[in-house]
Amino acid sequence: MKFATYCIGILLMAMSFSSFANVTRPENVNQEAIWLYTVNQNDSFEIIYKKYLNKRTNIAELAKYNQHKLTKKLQPGQVISIPVEMLKKIPTSVQVLLVYGDVLVTSALANEKRKANKGDFLTQGDALQTGKNSLAKLLFADGSNMDIQPNSNLSIQASYKYVGKETYVTHLKLVKGRTEVTANPEHVVGNTLQVETPSAIAAVRGTQFRVGAEGDIALQETLDGQVAFSAAENGVVQEVLIAKGYGSVAEKGKAPSPPIQLPDAPDVSALSKLIEKNVADFNLPQQQGVAVWVSQLALDAEFTQILNEQITPSGKLSFADLADGQYYLRIRAQDQYGLQGRDAIHAFNVKVRLPEPVLELIEPADGAVIPLAPTELSWTPIPAANSYTVQIARDTHFVDIVFERRVSFDKLTINQSFGAGEFYWRVAVLSDGKPQRFSEVRKFSR
């Protein structure tokens with residue numbers, strides 16, 4: 001009898017272990033998908049619901065998930081697992097850090113389109129549109145930031161945080177254009193950012209990457225970390241993981257391409273750093289696998305003040321009508337698929353060398369015969385010239401100088417006589433007490 005009772009006990013224990021093994025325990029679950037909550041004094045499932053859960057039916061589901069009967073009291077210090085989909089969501093705003101050029105925001109609440117301004121706060125449903133040579137920079141609640149490049153259209157599909165777990169979710173939709181994102185810079189576990197295009201979705205938890213949308217084509221380029229890039233083909237979602245230095249292309253209705261290595265940054269080491277005319281011309285060295293070069297010219301190293309954009313297959317860049325000052329040129333190589341590599345930055349200065357003004361002699365005319373005295377001389381004034389030097393000599397090489405004087409005006413009357421004969425005269429602007437380039441030489445006789 002005792003033996004039978006012992007066997008029944010062993011059997012029940014085995015059944016219990018078997019049942020336990022079939023239950024998904026928190027330690028076997030993706031830790032990003034749950035929140036470990038430590039029970040406080042007087043906590044109950046009802047109190048937890050009121051503080052953190054999004055609906056009352058979650059109470060029973062949470063108790064079942066943790067294999068804890070609702071009739072059984074929670075104990076202080078006890079740890080329960082709460083799936084994040086049960087948590088309340090608090091909407092978070094997106095701050096506009098920078099606006100340059102023509103940037104419009106369409107407000108979901110006011111149902112209006114207006115000019116975007118630095119310091120604006122955007123909410124779920126709002127959209128931004130950038131024009132030619134225009135851009136915007138956004139800051140998200142988790143510290144992620146995004147540059148929206150010219151001729152782009154982006155909307156905020158969702159932006160919220162989970163109550164209690166304090167992790168952030170950001171869903172964006174890029175209808176067209178290009179963006180560059182630094183996502184979750186603090187690498188907080190559970191934060192997610194997703195950029196959707198009409199053709200594919202790029203999802204990350206902490207990395208630096210670009211997303212482009214051009215018609216039915218989606219482009220993704222990973223600059224750091226890893227990006228999950230997915231698209232549906234025949235109703236089945238296909239996903240590829242794109243590591244640093246690689247990209248992928250997805251055509252609408254087709255799976256993303258396998259990872260493609262991004263082009264190298266262009267070599268700008270030989271480009272001129274000083275331009276002495278108001279047109280800056282650059283010739284990039286040939287690079288294997290490059291279809292076109294994409295460039296932006298800006299007034300600042302952060303490329304927030306874009307002056308010009310160019311796409312050229314030849315590697316020849318030309319920027320006209322540049323005023324004196326410093327400029328920054330950003331160049332990317334783009335391959336046959338439309339994927340762009342890392343940036344090459346070239347800083348250069350424009351200092352236009354104006355032609356020196358020419359001093360021209362007026363009176364007396366060349367070869368003129370004039371009285372012995374007085375001698376009237378005049379020439380064209382030079383702007384900003386403070387003084388001139390006037391020389392008269394008996395020879396064209398001005399070895400035998402008979403008269404030399406420093407004057408402040410563009411004319412001179414000489415009362416003394418040098419006698420009869422042929423004489424030669426010239427004038428130069430004085431700088432630091434020294435004559436600069438002399439004028440032409442003219443002859444007169446008495």
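Coordinate-derived values only; no laboratory data. No experiment lies behind these values; they were computed from the predicted model shown. A quick note on method: Cβ atoms are made from the backbone with ideal geometry, for glycine too, and the neighbour counts reach across all protein chains shown.
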Loop GluC sites (Glu not before Pro), the range 350-413 (other Cβ atoms within 10 Å of the site Cβ: 16 or fewer; DSSP):
Glu360
At a Förster distance of 45 Å, what's the computed FRET efficiency of Leu299 paired with Thr380, Cβ-Cβ distance as r, to 0.05?
0.75
Could you tell me what percent of the DSSP beta bridges with both partners in the range 361-445 are antiparallel, to the nearest 5?
95 percent
Relative contact order of the chain, please, whole-number percent, based on alpha carbon pairs below 8 angstrom and at least 6 residues apart.
7 percent
Amide H of Tyr160 versus every other amide H placed in the peptide plane: which residues, excluding those fewer than 5 positions away on the same chain, fall under 5 Å?
Thr92, Val169
Calculate one ³J(HN,Hα) per residue across the range 225-236 by plugging θ = phi - 60° into the Karplus curve 6.51 cos²θ - 1.76 cosθ + 1.60, and present them in order as whole Hz with x for glycine and proline.
x, 8, 10, 8, 10, 10, 7, 9, 10, 6, x, 10
Whole-number percent relative contact order across the range 90-261, with pairs defined as alpha carbons under 8 Å at least 6 apart
14 percent
Normalised by the empirical 2.2 N^0.38 Å for globular proteins, what value does the Cα Rg of the chain take?
1.74
Apply the a/c threshold of 1.5 to the C-alpha gyration tensor of the range 90-248 and tell me whether it is rounded, prolate or oblate.
oblate
Note down the nm distance, to one decimal, between modelled labels 7 Å out along Cα→Cβ at Asp216 and at His187.
4.1 nm
If every alpha-carbon in the range 361-445 counts as one equal scatterer, what log10 I(q)/I(0) does Debye give at q = 0.15, 0.20, 0.23 1/Å?
-0.50, -0.89, -1.18
Exposure proxy ranking, count of Cβ atoms within 10 Å, fewest first, for Val399, Val84
Val399, Val84
How far is the Cα center of the range 140-167 from the Cα center of the range 174-210, in Å?
9 Å
Per GNM of the chain with C-alpha springs under 10 angstrom, the most fluctuating residue out of Val249, Val369, Val189 is Val369
Size of charge dipole - the chain - debye, nearest 20, with Cβ of Lys, Arg +1 and Asp, Glu -1, no other charges:
1900 debye
Counting other Cβ atoms within 10 Å, keep those with at most 14, restrict to DSSP loop, and tell me which GluC sites (Glu not before Pro) in the range 276-309 are left.
Glu276, Glu302
How far, in nm, would the chain grow between Phe121 and Leu241 when pulled straight, counting 0.36 nm per residue and subtracting the alpha carbon separation?
39.9 nm
Ranked from fewest to most other Cβ atoms within 10 Å of their own Cβ, Thr179, Thr389 fall in the order Thr389, Thr179
I'd like the distance separating the alpha-carbon centroids of the range 70-107 and the range 336-362, in whole Å.
50 Å
Using modelled amide H (1.01 Å from N, peptide plane; none on Pro or chain starts), what sits under 5 Å from the amide H of Ala108, excluding residues fewer than 5 places away?
Asp126, Ala127
HN-Hα couplings for the range 391-399 via Karplus (6.51, -1.76, 1.60; θ = phi - 60°), in whole Hz with x for Gly/Pro, come out as 10, 10, 9, 8, 9, 6, 8, 6, 8
Provide the gained length on full extension for the span Gln288 to Asp366, in nm with one decimal, where the gain is 0.36 nm per separating residue minus the Cα-Cα distance.
21.7 nm
MRE, 222 nm, helices only [DSSP H, n ≥ 4, -39500 (n - 2.57), over the chain, to nearest 500]:
-2500 deg cm²/dmol
Just Leu322, Leu377, Leu122 to compare: in a GNM of the chain, with alpha carbon springs under 10 Å, which one fluctuates most?
Leu377
Exposure proxy check: Leu135, Leu109 ranked by fewest other beta carbons within 10 Å?
Leu109, Leu135
Where chymotrypsin sites (Phe, Trp or Tyr not before Pro) fall in DSSP loop in the range 359-419, at most 12 other Cβ within 10 Å:
Phe409
The simple spin-label model distance between His68 and Arg406, using points 7 Å out along Cα→Cβ, in nm, is 9.7 nm
How far is helix 2-21 tilted, in degrees, relative to the longest principal axis of the Cα atoms in the chain, given as a value from 0 to 90 rounded to the nearest 10?
20 degrees
Between Ala60, Ala393, Ala218, which gets the highest mean-square fluctuation from a Gaussian network model of the chain, Cα cutoff 10 Å?
Ala393
Give me the one-decimal nm value for the distance between modelled label points at Asn234 and Lys132, 7 Å along each residue's Cα-to-Cβ direction.
4.5 nm
